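The values are calculated or read from the model by the stated rules, or taken from the named source; none is laboratory data. Please read these numbers as outputs of a predicted model, since none were measured by experiment. Backbone-built Cβ (ideal geometry, glycine too); neighbour counts: all protein chains shown. Just so you know, the surface numbers come from the protein's heavy atoms only, side chains and all, with ligands and any DNA or RNA stripped out. Shrake-Rupley method; radii C 1.70, N 1.55, O 1.52, S 1.80 Å.
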Amino acid sequence: VERVRSGEVTDALVSDAFEGAAETLYAMGSALTQDGGGDLALIYLNLSLFARPDFDMAHFLIADIHDRQNRNEEAIAAYSAIAPSSPLKREAEIQAALSLASLERADEARARLDGLIGLDPQDRTALISAGNLMRAEEKFDEAIPYYDKAIGQIADPDQDDWRLFYFRGICYERTDQWDLAEQDFKKALELEPEQPLVLNYLGYSWIDIGINLDEALDMVRRAVEQRPDDGYIVDSLGWAYYRLGDFERAVEELERAVELRPDDAVINDHLGDAYWRVGRLIEARFQWDHALAMEPEEAEINKIEVKLARGLDALESGKKQVAETSPSAEVMVEVTPLATPAPAPEAEPAEEVAAVASPEEQETRTHKVEEGDTLWGLAVRYLGAGALYELLFEANRDRVGEDANTIYPGDELVIPDAN
């Protein structure tokens, strides 16, 4: 009002009819976007660009619609069309990088973000986006420096900064820097005391390590209270009960976790362990077999195969033997538990087996057990699938323990027909 009264001449909002039409069409497209009419909105927004090709806000909104509809190539093209001089350019470059990541072009995405950081090393949004990208790619050691730089710019962290400490804590934990990870998780909880993701991650980590179990159980319970339908958090609670020896309650919670996340290998594996502890051996093997079919992490595959072939007790005794032999070898047991079988009894001569075998059995192949062999592995070799190990067990009951836990080097096993 004062400017009008003073007679000051102000610039026109639009310079001509085309710009006016562009603004009107953009406003209509924006309104339709808010109402969920993305495809119809694109018509108005593209008409807006026809009237005004350098309309950066229209380019950005078009890109955003494509992004939300998972049309990543189209989104990248629209973001890239924004002029370098536009105030929207940096945000557009960040969003374009995220779209590249969605297309599994992580190297290009990182290069784009690093270019922005090179131009402005204080750009926290770009730093955090790069850290998140590396974390999503499981390059945790490469994510940490980005988070370090972003956190280093915070003089006095506030409540919203809990995420940064939580994300960096995950990267520290996944790179075996537990002391630093624990510090970051505690800092995240200091900033956001009842944050369920942090309560779950720190509580679960303590449980898995075997420390602070009572406090960890309380933390995970509080996380479950806030997110009762989150299968991962419910799994943490079930695993807490398992580590505390309350196997019945562990089964109850882990069954609920599997219902919520039936396609997760770790949760199915946990339920198998709990079933074994309460004597439900057939169900335990079913869950382990199910977990193995879900392509778990490489480090877990051998452990699950051991449990399938020889039971949970064999895996635990293998860990104990290795730990007693060499404290530094604790990690090795996870990949080589079968290399330390029990002492072999004197093997029966092959001809004696043949003497009492039926004509059909005499035609069946045999295998002399070597160190490292498992029923699961032999089933894969001879029968074509590890899950058929039960056929080997049934054919060799006189040579294999009742729970299929043990086979001994030197024994001659009958290899039945898989058909």
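For this structure, a couple of remarks:
- Accessible area of Asp35 (1.4 Å probe, protein heavy atoms only, ligands and nucleic acids ignored): about 130 Å².
- Model label points for Leu213 and Asp176, set 7 angstrom from Cα along the Cα-to-Cβ axis, are 2.5 nm apart.
- Accessible-area value, Met28, 1.4 Å probe, nucleic acids and ligands omitted, Å²: 80 Å²
- FRET efficiency for Glu138 and Arg221, using Cβ-Cβ distance with R0 set to 22 Å, rounded to 0.05: 0.15
- Counting 0.36 nm for each residue step from Asp158 to Thr125 and taking away their Cα separation leaves a gain of 10.3 nm.
- At R0 = 30 Å, FRET efficiency that the Cβ-Cβ distance of Leu244 and Ala293 yields, to 0.05: 0.55
- Exposure rank, largest accessible area first [Arg277, Arg168, Arg52; 1.4 Å]: Arg277, Arg52, Arg168
- Length gained on full extension, Asp417 to Ile43, computed as 0.36 nm times the residue gap minus the Cα-Cα distance: 128.1 nm.
- Quotient of Cα Rg and 2.2 N^0.38 Å for segment 206-281, N being how many residues it contains: 0.99
- Exposure of Thr24 as accessible area (Å², to 10), given a probe of 1.4 Å and all protein chains: 80 Å²
- Whether segment 49-92 is rounded, prolate or oblate, judged on the alpha carbon gyration tensor where a/c under 1.5 counts as rounded: oblate
- The listed residues Asp56, Asp160, once ranked by accessible area (1.4 Å probe) with the largest placed first, stand as Asp160, Asp56.
- In this structure, Ala83 and Arg381 have a Cβ-Cβ separation that, at R0 = 51 Å, corresponds to a calculated FRET efficiency of about 0.20.
- Residues Lys368, Lys187, ordered by accessible area of protein heavy atoms at a 1.4 angstrom probe radius and largest first, appear as Lys368, Lys187.
- Beyond 32 Å in Cα-Cα separation lie the following of the pairs Lys139/Lys186; Lys89/Lys149; Lys149/Lys303; Lys139/Lys303: Lys149/Lys303.
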